[in-house]
Every structure is written in C-alpha cells, then in structure tokens.
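The values are calculated or read from the model by the stated rules, or taken from the named source; none is laboratory data. Remember, it's a predicted structure, so these values are computed and weren't measured experimentally. We place every Cβ from the backbone using ideal geometry, glycine too, and count neighbours over all the protein chains shown. Ligands, DNA and RNA are stripped out before the accessible areas are found, and what is left, the full protein with its side chains, is counted by its heavy atoms. Shrake-Rupley method; radii C 1.70, N 1.55, O 1.52, S 1.80 Å.
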Protein chains: 6
Amino acid sequence: MAKKSKERIGIYAGSFDPLTLGHIAMIKEAAILVDRLIIAIGINPAKQGLFTIPERVDLINEEIKNGALKGIKGCKLEAKSYDCMTVKFAQQVGAAVMFRGLRSANDFNDELGLALTNKDQDSSIKTAFLITDPTLTSVSSSMAKALIQNDGKVSTYLTPAIEKATRTKLSL
Amino acid sequence: MAKKSKERIGIYAGSFDPLTLGHIAMIKEAAILVDRLIIAIGINPAKQGLFTIPERVDLINEEIKNGALKGIKGCKLEAKSYDCMTVKFAQQVGAAVMFRGLRSANDFNDELGLALTNKDQDSSIKTAFLITDPTLTSVSSSMAKALIQNDGKVSTYLTPAIEKATRTKLSL
Amino acid sequence: MAKKSKERIGIYAGSFDPLTLGHIAMIKEAAILVDRLIIAIGINPAKQGLFTIPERVDLINEEIKNGALKGIKGCKLEAKSYDCMTVKFAQQVGAAVMFRGLRSANDFNDELGLALTNKDQDSSIKTAFLITDPTLTSVSSSMAKALIQNDGKVSTYLTPAIEKATRTKLSL
Amino acid sequence: MAKKSKERIGIYAGSFDPLTLGHIAMIKEAAILVDRLIIAIGINPAKQGLFTIPERVDLINEEIKNGALKGIKGCKLEAKSYDCMTVKFAQQVGAAVMFRGLRSANDFNDELGLALTNKDQDSSIKTAFLITDPTLTSVSSSMAKALIQNDGKVSTYLTPAIEKATRTKLSL
Amino acid sequence: MAKKSKERIGIYAGSFDPLTLGHIAMIKEAAILVDRLIIAIGINPAKQGLFTIPERVDLINEEIKNGALKGIKGCKLEAKSYDCMTVKFAQQVGAAVMFRGLRSANDFNDELGLALTNKDQDSSIKTAFLITDPTLTSVSSSMAKALIQNDGKVSTYLTPAIEKATRTKLSL
Amino acid sequence: MAKKSKERIGIYAGSFDPLTLGHIAMIKEAAILVDRLIIAIGINPAKQGLFTIPERVDLINEEIKNGALKGIKGCKLEAKSYDCMTVKFAQQVGAAVMFRGLRSANDFNDELGLALTNKDQDSSIKTAFLITDPTLTSVSSSMAKALIQNDGKVSTYLTPAIEKATRTKLSL
C-alpha cells in the first residue's frame, strides 16, 4: 500500500488575469488526475496586469468555495502565487506534474519547446497536456477583457462573479 | 482520506507490434501519474501484425519483469489486450485517463479529433497527452521493422530482447 | 440591377457516405452565401461505399424535404452526383464557388494544395473555406460508421433518419 | 424571386496600411461571392500607422476608381473605416459574411480562434476563408514598408500609385 | 586548397513516376549547392509504378541532355536507381547531403521524423530542405497522372516530353 | 575543373546574443555544405541586445579559435556583422546560400514567408533549411538568458566560455 501513502500533486500555472471558463474546464479535467491541484499564479514583474496577484488569488478561491469550482471530489484545489521558474515552484511544492491546456497545433509547437526546457531542468517533473471542450477553444483572459471593452458578450468566457469583477475593474 | 482509498488507473493503448523504446519512455512518464497503468494492446482483426497478440503481451510482460520496465516504483504495470473501442475498454477496467504520446503538430491535430470523439462517448474518461525525450521523436514500431529489413541500426529503437525477437520473426 | 439577374451558385462536394451533422452544419453556413447550393456526391469507381450513389442522393433529399435541412431561406438546395473532376462539375453547373470545410491545420495544408490545383485548372471558380461549430470537429462519416459497428453513440454525428438507415445497412 | 431581392454584402477587414497586391487579389476573389464588398479599415487608437485612416480610404478608393480594382463586375466595392469590433461593424452594415485570407497553417490556427469568437458573438454572420495566388503568400503591408526602408524591390507587393505614396511617406 | 580537392555530392531521392516541374525546380535549387547531384530513383518492389525504373531514368536523362535540365552550370546531374535505404545509397555514392523539398507544414512534420531517423543511422550525412516557387506547391506526380486521366490541364505540372510520355502510357 | 575554381559561400544569419549550442550544432551541419561559412550578426538599431555587436563577434571568433567550433575541416568559418537586408548582405559577400534552422512546424510557416520574400528579391540566392539534434529543439539565446536570471541550469544551452560571459553581463 506504499504507493497510496504519497499524495499526488499537480500544478496548473498561468497568469489567470482573470480566471476564465476555459481555465475552469481545464482544472476540472486535471482534478481527476491528482490528489491536490495547485492553481499557480505566476508573478511577472515586467507585466502590469488588470488584477493584482492577491485579487487573482481571491477570485479563484471564491470560485473554489462558492462558485464553478465548488464540489470537485477527490482533489483538493488551492490558488497560490509564485515568482520563480514554474519548474522550480513545482519542485518546492512537491508536484509530480504540470498541466497545460492545448487548443491548437500552434499551441502544441510552442508548448513542446517549453516542456522540453522544463524536462531539461528537472526530468522528474512531468508535463501533461489536456484538452477542453472544443467550444472553449477561443476563450482567453485577454479576449474576455477585450470583449468587455468593446461591448461584446462574455457569458461564455467568464463566471458571473468574475465577469462582474472584471467589468468593475475595467470601468475604473 | 477518502481520496486515497481509490486507486487511480490509466491506460496506454497501442498496437505495440512490437513495443519500442519510444513506448517505454512514454510508459515511464505515465507511471508517475497513476497507481496502475494498463498497457492495452488493441486487437485489429483487419490488420495482420508481425507478432500475435499473445506474443506482444509476453514481450511487454518480459520487459516489466526483467527488462527496461523493471523497478518502476509507485505504479503497477500490466499488459492486456482488448477488442472493443478503447474508451469502452477504459470503462471496463475503471480507468480515469487514457495516455497518448505527442511527437509533432501533425500528431496533435489527429489526436485532438480522436480525443474529442472519446470525450463525446464518455466525458468522465480523460485524455492526457505526454511527450517523450526528443531523441525518441522518430521511433516507431514500423520504422524499427523497416530498418531491420533494410540492414539499418535499431539499437535506439528497441530493447535488446525485443530487437532479437523481431529479427527472428522477420527472418522466418 | 444587372448583378442581381445572375443567380450565384455554389457546390459542396464530398462522398456523403452518409451525410453527417458536420456536413449539415457546413451546408447551413454555405447557404447564406449563395442562391443555389448543389450538394455534389462524387462517384469514385475505385471505392466501394456503404450506400449506393442513388441512396446517398435520397438520404440528402429526404433531409432537405423533411429533415435537418428543411426551411433554409434564400438558398435552393439540391443533391447531385458527378463522375468527373470537381472543378469540371463546377463549370458544368455554372458554380462560382466550391465550399470546403476546415477543421484543423492538417486539413488546411491538404486543402491548400487541392485549392491551388483547382485554381490552376480554372481560375474563375473560387474555393471558400468555412468552419463549423467546434463541437463538430471530430464528426466524419467513417467515424460514425465505426462507432455504430463498435456499439458507440452516434446521436451527435447523424440525424435520426440517417442513423437508422446506417444501422440497417451495417446490419445486413 | 424573393431571394434575389436582398443584396448580399461582405466585408473584408484589415488595417490596410497600405493596401497591398495581396489584399487586391483577395478582394477580387471575394467580389465573386457578394453583391457589395466593404473594404473595412479598422481604427486602432493604440497603434500609430504610417498612413492616416482618411489617407488609407483614399488610396483604396483611388485603386477602385482608376487602378487595380477598377472594372470588377457584379460587385460594388467601397472602403469604410470603423472603430468597433469587426463583428459589430458587420452587423451595422448588414453583412452576411466576413472574408479572411489564409496563407499558411499558422494563419489558420489563429484565424480559427477569431472566427469562433465572432461566431459566439453573432452566429448569423459567417466567416469565409479565401486563398490567393501562392506567389502572394509572403506579401504584407509591413514587409512592403520594410523593403522600401531597406532599398528592396516592392513591385510585387504594391501598385505603382501606392508604392509611390508609401515611398513619399517614408521619406518624410 | 585541400577543401577544393573533394567534390561535394548531393542526392535528391524520390520515385519520379514521372519527373514533374516541381522536381525540376528543386533540382535547379540543389544544383547550386553541390558539384554533383544524383537524382536517385528508389525502387519499391511493393508498389507498381506507371513507368518502369529504366523508363524513369531515361525520362530524366533526356531532360538533362535536351530538356528543362539542360545547361545547368557548375553541377553535374545524373539519374540513378537504388534499392536500399536512401541513407545507405548516400553512403555508397559518397554524398554529403540529401535534399528534400518542403511544401507545407504537414510536409515538415513528416520530413523531420525521416531526417532524424537518417541522422540516427549516419550522422555524417546531412539533410537539407529546399523550397520551390510557390506556384509549384501543388505539383506532384500523382496529381499530374490524375489530371491526365480526368481531362485536366497538366502544362504547369510536366515538361512537354514527359507529358507526352505519360499520356501515351496512360492510354495503353 | 571550372566548377572547383569557385569557392561556395554560405551565410548563417542571426542575432547571436549570444551564440548557443543550438547555433553551434547548426554551424557544424552547414559547414559540410560550403567552403566558407559566414556567421552573420544582424545589427538591429531598434533592439538593445545584452552583448554589443563587437562582443558577439568576439565570442564567436573565440569559439572558432579555441572552443566548440575549432577544428572544423573543409570549411572556413568567420563572424561578420551587417546592417542591411540579409539577402543584400548575401549578395555583397557572394554567398550562394543562406542557411536557416528549423525546429518546428511553426518555424516552418514563418520561415517559408521569409524565404519567398528573399527569393523575390534575388532568386539566385538560395535558402536551405537544416535541422539539428532534437535535444537542441528548445535551445535559444533568450531562453538561456532567462534561465540564468532565474537560477536555472544552462549547460545544455551555452558553451562554458559563453555561459561565463553571459553570467558576468547579466550580473552587471
């Protein structure tokens, strides 16, 4: 029974500025594969986001507690920020796997290079690619923000709570 | 502790005619992510293989017991054949995830369609894509067989035991 | 008003063995762009289909009269078979445009070569590529037939009438 | 004859800074498919162009009146600028279809996401992808400007009038 | 001056059934890079061609002597057949490089695997990829044959001599 | 013997900020194909690099004299900077061919456009694409710099001398 004594941990890293329905679908896929999933918000000092890092953590935690990520069984979810290489953060939290979403062949070619770089840094940490519902192919944080700024619909991109927070932020 | 009471099972399906070093690298990657990994040999009545299905099972089991797949910790490996849709076989064995290797963007486009078809049949069974060492990009069973038939080197394609078995088969 | 005196005709060619929901979505897209759309069934003597050519014509005509293709406004639909190069058939029926569906980047690379060949044969006949709902990405006639033969679900692939006809054919 | 009472309108959107021979080839393709084609110049406040928006409109109108776009039959061409989402502009002008040029598989993957976003905003407006002569694959406004600045040839990229205007602008 | 004492040899392998204008454009590109270029016709016992191997050699030699490949300076051209792995044939003739044409990203992904396999067999023999005029993107031997059989134009695919020979063969 | 009286010259252009092991592998491939290979450092006034142009030249020359590029037979290597279009620099130095590395299908689509533009400028100068060891797929100057700044390993990316110089520069 030794194999079950060790919790299997995964990370799903991104900027989550803000979390989208595409991210949420990915998290639900990844949650099947690990005992604990860390939604890891990378701090990029060179890039000013719409939401602050603590705000992004809060938005994700709120979805975990009361929103679209509530009630996932068999996997503990948590949001954390980090300010180092993703593979080093994975080492620190003891993750066995980093999950990445793939939407198109363009994604794949870029992701392959990144995955090989990470494997070169620490071959014990794996990269697993997941796909989501094809209807979410075009969903991204930046597209959601652009749609709000151009009076488009975003109900297929964001949860109600996050849509509301994003509209508020963008109108400041 | 409920989440640990359930074993996480994955399948890695293929024709394995025969198992290559590319397959072996994939199996080692996948073994990190599940408690049990079933190497699933699809029976294709329309396609005459080089090895019979029981021979392929034996070759894989031999590598698990005494070869390149020996000593993998935290994951039980086993070879099984099946003669139905892969997603149905995954249901039968209680698998949470089907692993697929991705080598190129061409692979991705084909695999995406297959993964979406499988998701449409049973959305509870996930597809996770893994990559292997880039040196194994060009390794395939058919290339290995073609190289042997054309007096090429196959030591980067097959284990010694499987190379020997394949040479014997091809010289019959 | 001269420009309106000429009816704009398009063709959507394929083997339609049988028509799928993916084809139907494409036809609905193309119907917006032309006054008449010919669903053109290519006769391939080298390839034995599941349905005969007259059966395929009938299945499509039945969907136009009473099924999923009923009630399309502003565009007359009709099914026709042909046994020459598609671009020559387009010339014969006076078509301005041939519609093709694109599902992935792999499709695109193959289709580009075909479109350039057709342009080389007759540059006055255009090729327009359309996309369908992403949920239909993995839908194909061959996949639908394979699913039926393997006890899979096909309700997202075929209309009820065509599913029934296909099940009957496959059980003969 | 009801179907002919409604004019079919298309838009071909871009920044056209300036119009290239690649754009012109696309416009000629699209003109076969609609009764009216609006060459729609998107206003991007964040991006300073070489030509002002009114200058770009004038350059295109001049080609329509006296240049490479003169004499196209069966389709009325006009240049218009807009400063909203392209799909909203399409709604405003009553367009049935937005045309996009495809040059490579990279283009396709990016364009697919955009087309799906637009379909999500308004599913009644279609996206049709066209290809141009393969010799025009590498033609772009930015390449034309870079070639002029580096003493390269641009006669395969720009009409004489637009080449002259661009050289004048770049020498200011 | 030692470096000039050694002739640089390249091979351009294919089935050439028959040689097309696409092949000819490739040969002209490759001829700039080597002192001797062997047009290498692979013998595939499993595949019955239209022309016999000696006929294909003759057709190419005729173009070298009196046709589209006449007058190439600084590179000696010759057609040879071979019935082993291409990389082994390259070793036998002392070639430094194998040339391959690339038409699309699909080609690239397939060619990459092949090039890596060849590098694995003999890392001293290089693979160099060349592109041709974009107008030749869709040219292939099989497309030329299909066009002749379907009463299409092939003047952009074949030289006059090879078109004549192909028409004769196909009408037998 | 006329063909041997003319030296065959190639250029391998890039920003080399700094030279990586990926570049070095490419240079070794290209060196087989030409008598002289110019490692051409493009001066981009709009982009501030880590190393100055003379520093980059020195780093490359040092590798040629005493490092990883020492002892290449049959091809003279030299580093040169240039501040015009690459194809014009190729003309100036009498190069027959420009070498480009291809790592993925994404690379290919971008490179194809560039190669066609260059062919349009001067069709006598060829572009040849080479591949490197697949283990070097993810190696780039920018990745090497990012890894050093994030305490990652770079021994698979840079030579010892260039790693040292880069660490020194980045710590200033």
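Say whether the condition of being aromatic (Phe, Trp, Tyr), assigned to a helix (DSSP H, G or I) and closer than 30 Å to C:LYS28 by Cβ is met by at least one residue in the range D:65-86.
No, the conditions are met nowhere in the range D:65-86.
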Condition set in contact with a Leu (Cβ under 9 Å, 6 or more places away or on another chain) and charged (D, E, K, R), scope the range E:1-29, selection farthest from the other protein chains (Cβ to nearest Cβ): answer is E:ASP17
Right, C:LYS119: more than 16 Å from D:THR127 (Cα to Cα), open to solvent by 20 Å² or more (accessible area, probe 1.4 Å), more than 14 Å from chain A (Cβ to nearest Cβ) and touching a helix residue (DSSP H, G or I) at 6+ places or on another chain (Cβ under 7 Å) or not?
no
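Modelled with pLDDT of 95 or more, under 30 Å from B:LYS6 (Cα atoms) and open to solvent by 40 Å² or more (accessible area, probe 1.4 Å): does that describe A:LYS88?
yes
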Within the range D:48-85, the residues that are within 14 Å of another protein chain (Cβ to nearest Cβ), in contact (Cβ under 8 Å) with a residue 24 or more places away in the chain and open to solvent by 40 Å² or more (accessible area, probe 1.4 Å) are D:ILE72, D:LYS76, D:ASP83
Residue hits (the range D:101-111; part of a helix (DSSP H, G or I), within 20 Å of D:ALA25 (Cβ to Cβ) and open to solvent by less than 30 Å² (accessible area, probe 1.4 Å)) are D:ALA105, D:ASN106, D:PHE108, D:GLU111
Sole miss for B:ILE32 among (1) more than 17 Å from A:ALA128 (Cα to Cα); (2) out of contact with any Leu (no Cβ under 9 Å at 6 or more places or on another chain) is condition (1)
Taking the range C:151-166 and the residues there that are surrounded by 14 or more Cβ atoms within 10 Å (Cβ to Cβ) and assigned to a helix (DSSP H, G or I), the one that is nearest to the other protein chains (Cβ to nearest Cβ) would be C:GLU163
Reported set for the range B:88-97 where residues are within 15 Å of the chain's Cα centre (by Cα) and assigned to a helix (DSSP H, G or I) is B:PHE89, B:ALA90
If you go through D:GLY42, D:GLY10, the only one that is over 28 Å from C:LYS119 (Cβ atoms), open to solvent by less than 30 Å² (accessible area, probe 1.4 Å) and not aromatic (Phe, Trp, Tyr) is D:GLY42
Within the range B:92-104, the count of residues that are within 14 Å of chain E (Cβ to nearest Cβ) and in contact with a Ser or Thr (Cβ under 7 Å, 6 or more places away or on another chain) comes to 2
When restricted to C:GLY22, C:GLY10, C:GLY74, the only residue under 30 Å from C:LEU170 (Cβ atoms) and small (Gly, Ala, Ser) is C:GLY22
Residues of the range C:130-150 being within 14 Å of chain A (Cβ to nearest Cβ) and either open to solvent by less than 40 Å² (accessible area, probe 1.4 Å) or not in a loop (DSSP other than H, G, I, E, B) (or both), in sequence order, are C:ILE131, C:THR132, C:PRO134, C:THR135, C:LEU136, C:THR137, C:SER138, C:VAL139
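This table checks each residue for (1) surrounded by fewer than 22 Cβ atoms within 10 Å (Cβ to Cβ); (2) in a loop (DSSP other than H, G, I, E, B).
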| site | (1), (2) |
| --- | --- |
| F:VAL34 | no, yes |
| F:PHE99 | no, no |
| F:GLY113 | yes, no |
| F:ALA128 | no, no |
Given the condition without any contact (Cβ under 8 Å) to a residue 40 or more places away in the chain and of a type in the set (D, E, K, R), answer yes or no: does some residue in the range B:129-146 qualify? no
